[in-house]
Structures are given as C-alpha cells and as structure tokens.
Amino acid sequence: MPHTKRRRLVTTAVAVSVGATALAACGSGDGSQAESGPVSLTYWTWTPGMDKVVDLWNKGPGKKDRITVTVKKQASGDTLVTKILTAHKANKAPDLVQAEYQTLPTLVSNDALADISEEVGDVEGKFAEGVWQQTTLGTDALYAVPQDIGPMMFYYRADLFEKYGLKVPTTWEQFAETARTLKKKAPDKALTTFSANDSGLFAGLAQQAGARWWTTSGDKWKVSVNDAATRKVAEFWGGLVEEGVIDNQPMYQPAWNKALNTGEEIAWVSAVWAPGTLTTAAPDTKGKWAMAPLPQWSPDEDVTGSWGGSSTAVTTDSAHKEAAATFAAWLNTDHDALNALAKEGGIYPASTSAQLSGAFSNPPAFFSNQPDFYTRAAGIAKTTAPSAWGPNVNVAYATFNDAFGAAAKSRSDFGAALDRMQDATVADMKKQGFGVSR
C-alpha cells in the first residue's frame with residue numbers, strides 16, 4: 001500500500017468501501033520509480049472536448065516526456081464514482097480521473113486516490129486557498145489538482161430592479177426586504193425561487209454561512225449537517241417561502257424557464273456558469289441581466305460559496321503516478337491547456353491566473369452589457385469559503401431533494417427537513433461501518 005500523509009482522515013474506521021466491505025488491497029504500482037520509457041496513461045473524464053485539449057499535451061510536453069494520455073469519456077456524478085470504485089476493487093482503475101470536489105472523500109476513504117503532493121510541483125499558489133483546501137481535505141496530502149470551480153453570485157434583472165426602485169442587496173437581510181418590497185409593488189412577480197432539485201445550491205449557501213458538514217476527530221467522523229450555520233440558511237429560505245414573498249418551484253423546469261424569460265422572477269442566486277443556463281432558459285432577456293457578489297450574513301464579511309467544480313486525480317492503481325501527476329498539473333495550470341479547456345469544455349478554471357485571460361478577457365455574450373463580468377467573477381472566486389465534505393455526500397444530497405422538496409411544496413418547516421438530512425446521513429454512515437462521534 002503506497003505511503004501517504006493522510007493525517008487523521010483515513011483510519012480503520014474509514015477504510016470501508018461505500019456500500020460494501022473493506023477493500024483488500026491497494027493499487028498495483030507505487031508510482032515512485034522514475035519513468036525510463038514511453039508511458040501510456042488513461043484518463044476518465046466527462047468534460048466536452050477534452051480529447052482536443054489532451055491532444056495539445058500529446059503533441060507538446062507529453063511527446064517530449066514520452067507520456068501519452070488517452071481520454072475515455074464517462075458519465076458524471078454518482079455513476080462515475082461507482083464505476084471508479086468498482087474498477088478499483090479489481091485494481092483496474094484508470095491512471096487519472098475527473099472527480100467533483102464533494103466526491104473526493106468517498107474516493108479517498110476507499111483508498112482509490114493517490115497522494116500526489118510530492119509529484120505536482122509548486123502549484124498551490126495558482127489556486128485560491130478555499131479551492132485548494134477542497135483537494136487536500138484539510139490534511140498535508142494532495143488528492144487532486146483543482147480544475148474548474150463554481151463560485152456563487154447574485155444575478156438580477158437590472159432593468160426591472162430599476163423599474164421597481166430596488167437596490168442590489170449586499171446582505172441577506174436586505175435580500176429578504178427586497179423580496180418583500182417587490183411583492184408589494186408587483187404581486188404577480190417574485191424576486192426568485194427556492195428550489196430543492198439541485199442540492200449543490202443549498203450546500204453552497206451553507207458553505208458561505210460557515211457550515212462544516214463533515215469533520216474528523218481521531219478515528220471517527222462528526223456529522224453536522226444541521227449545524228447552526230446550515231440551520232440559519234434553512235430557516236431563512238424557509239421563512240421566505242412560508243411568507244410567500246419568493247416562489248417555491250424547482251429550477252430548470254419549463255415553468256421556471258418561463259418565469260425568468262417573462263420577468264415573473266427577476267433574480268437568481270447561482271454560480272459563474274449561470275450565463276450559459278440563462279441563454280437557454282431566458283433567451284429573450286439577453287443584455288438585461290447583471291451580476292453582483294452574493295449577499296453576506298454580516299456587512300463586514302466578504303465570502304462566497306461554491307456550486308459545482310471538479311478536479312483531476314491520480315488513482316492508486318496507476319503504475320505511473322509521477323507521470324500522471326505531471327499531466328494533471330499541466331492540464332490545470334498551463335496557459336494553453338486552460339484556454340483550450342475554456343473553449344472546448346466551457347469550464348471556468350480554478351487557476352486564478354486563467355480567470356482573466358484568454359477566453360475570459362471579454363464578458364459572456366449574454367452579459368455584453370457588463371464588460372467587467374469576469375473581472376468581478378475572479379475577485380469573487382478568491383473569497384470562496386472552505387468546505388468540509390464527507391464519504392456519503394450522495395445520501396445527504398438525495399435526502400435534501402426529498403425532504404426539502406416536500407417542505408418547499410407545502411411551505412412547511414425547513415428545520416425539520418434539515419434534521420431529516422442529518423439523521424439519514426448519520427444512519428447511512430453507521431450502516432456502512434464508519435465510526436461516528438456526537
């Protein structure tokens with residue numbers, strides 16, 4: 001089993017396979033040897049156009065270093081995590097995998113990802129601290145190189161804010177007052193909606209508030225999905241829904257698209273990738289939106305949450321750990337590679353230097369009225385709060401969809417829905433054999 005510097009994270013308690021029994025062995029290669037001949041690597045990813053990006057490597061640095069990478073297109077989300085773990089149990093996982101940040105603890109606790117802190121070189125300074133932390137999991141190890149991120153922002157119809165005399169809220173208290181004011185002036189409109197069909201939104205809002213859903217203490221996990229920070233977020237949004245000053249319909253549905261396109265809803269709490277969604281959902285509103293930082297819980301704060309994002313990890317099954325880590329670092333820090341990722345894959349890079357160059361020199365076409373869109377986005381990205389993911393995020397997310405979906409529809413207690421998330425997450429971890437402390 002390859003040595004890592006996993007301080008506190010991987011213990012007897014968390015070496016249990018998700019939904020199964022403990023794994024019997026680690027990968028076949030220790031990755032410590034120098035590569036003396038041609039190396040062929042396999043990379044599982046879902047990013048569109050990744051094969052074109054990888055071609056830059058195969059024809060450039062990779063050719064010089066005699067390292068060739070082959071892209072194998074995969075599904076994303078839980079489907080890919082399951083496939084990686086299944087392959088790893090047979091010691092046949094690929095050399096490299098694309099992994100969403102919230103899935104890293106699951107993969108690490110199954111010993112599927114290698115610690116590449118010694119192989120990637122000095123790249124930490126190229127990423128915001130809160131983003132880098134998501135790939136170290138709070139340890140001295142490094143389990144992946146950040147690839148793309150989804151810093152959260154506030155989007156609003158500038159023309160309708162002006163029409164109704166609304167000011168862009170800088171605090172959540174102001175946000176609530178703005179929702180009430182709009183409802184009084186235009187009863188047929190709502191500031192926004194609370195949606196329970198994308199748990200990443202709620203997780204990002206909780207992250208901004210300071211939530212730490214999973215932490216470790218010795219050989220046990222502490223689960224705090226219903227901590228004070230998250231309860232504050234849940235009760236805030238639940239109160240607005242119960243009050244009737246915001247909508248309660250799910251996002252991405254035809255009714256939601258129509259509400260955005262016709263101005264029935266005039267704002268959206270989202271992330272940096274929102275312009276692409278708005279282009280499809282509300283095509284008639286091009287040039288009418290503006291972006292601002294997320295409202296804060298306190299006027300003296302400046303922090304945002306994250307909704308989405310992924311990384312490039314090296315598996316413990318790779319016989320070419322050093323070569324794979326070298327490629328992962330190149331893919332996510334090289335100027336040409338990052339420009340290609342933006343062009344071909346439509347990603348917003350985690351690398352801070354790439355957020356103001358190349359594809360991000362000009363605003364999104366949908367926001368041509370806001371020339372400083374990406375300048376502001378880069379500033380907001382630097383304020384990303386640390387996160388604390390655990391080995392069964394999928395259970396917490398699925399329970400959120402059910403519990404908060406029902407609560408939003410009936411305009412009932414969001415606090416009770418949050419407790420359901422907590423109870424389901426703890427019960428699942430205990431069932432799997434994880435040690436859980438109070």
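The values are calculated or read from the model by the stated rules, or taken from the named source; none is laboratory data. Computed from a prediction, not measured in an experiment: that's the story for all the values here. Cβ placement follows ideal geometry from the backbone for every residue including glycine, while neighbour counts extend to all protein chains displayed. Quick note on the areas: whole protein, heavy atoms, side chains included, nothing else; ligands and nucleic acids left out. Shrake-Rupley method; radii C 1.70, N 1.55, O 1.52, S 1.80 Å.
The table for this structure:
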{"item": "32 Å Cα-Cα threshold exceeded, pairs from Lys126/Lys167; Lys72/Lys286; Lys72/Lys232; Lys167/Lys409; Lys126/Lys258", "result": "Lys126/Lys167; Lys72/Lys286; Lys72/Lys232; Lys126/Lys258"}
{"item": "Distant-in-sequence amide H partners of Trp214 (H built 1.01 Å from N, under 5 Å)", "result": "Ser224, Ala388"}
{"item": "Surface share of carbon and sulfur [accessible, 1.4 angstrom probe, percent] for the chain", "result": "49 percent"}
{"item": "Dimensionless Rg ratio for the chain, taking C-alpha atoms and the 2.2 N^0.38 Å reference", "result": "0.99"}
{"item": "Cβ-placed point charges (K, R +1; D, E -1), dipole of the chain about Cα centre in debye, nearest 20", "result": "520 debye"}
{"item": "Radius of gyration and maximum dimension Dmax of the stretch 296-438, Cα, Å", "result": "20.3, 54"}
{"item": "Sum of side-chain charges, Glu264 neighbourhood, beta-carbon under 10 Å (Lys, Arg +1; Asp, Glu -1)", "result": "-1"}
{"item": "Total charge dipole magnitude, the stretch 26-162, about the Cα centre, Cβ charges on Lys, Arg, Asp, Glu only, Debye to nearest 20", "result": "740 debye"}
{"item": "Approximate spin-label separation Thr262-Asp55, in nm, with each point projected 7 Å along Cα-to-Cβ", "result": "4.5 nm"}
{"item": "Lys, Arg +1 and Asp, Glu -1 on Cβ, resulting dipole of the stretch 375-438 about Cα centre, debye, nearest 20", "result": "200 debye"}
{"item": "Mean projection area, nm², convex hull over Cα of the stretch 143-269", "result": "9.8 nm²"}
{"item": "Per residue accessible area of the stretch 229-380, 1.4 Å probe, in Å²", "result": "35 Å²"}
{"item": "Cα centroid separation, the stretch 63-92 to the stretch 349-363 (Å)", "result": "27 Å"}
{"item": "Nearby aspartates and glutamates by direct alpha-carbon distance to Lys184 (threshold 15 angstrom, same-chain neighbours under 8 apart not counted)", "result": "Glu243, Asp247, Glu264, Glu265"}
{"item": "Size of the stretch 247-327 as Cα extents on the principal axes (Å, biggest first)", "result": "56, 37, 26"}
{"item": "Per-selection Rg to Rh, the stretch 59-176 - Cα, Kirkwood hydrodynamic radius", "result": "1.14"}
{"item": "Farthest positive-ward along the chain dipole, Cα basis, beta-carbon charges - from His335, Pro254, Thr47", "result": "Pro254"}
{"item": "Net charge of Cβ neighbours under 13 Å - reference Glu235; Lys, Arg +1; Asp, Glu -1", "result": "-3"}
{"item": "MRE, 222 nm, helices only [DSSP H, n ≥ 4, -39500 (n - 2.57), over the chain, to nearest 500]", "result": "-12000 deg cm²/dmol"}
{"item": "For peptides 199-210, 415-426, 75-86, sequence by mean Cβ density within 10 Å, most packed first", "result": "199-210, 415-426, 75-86"}
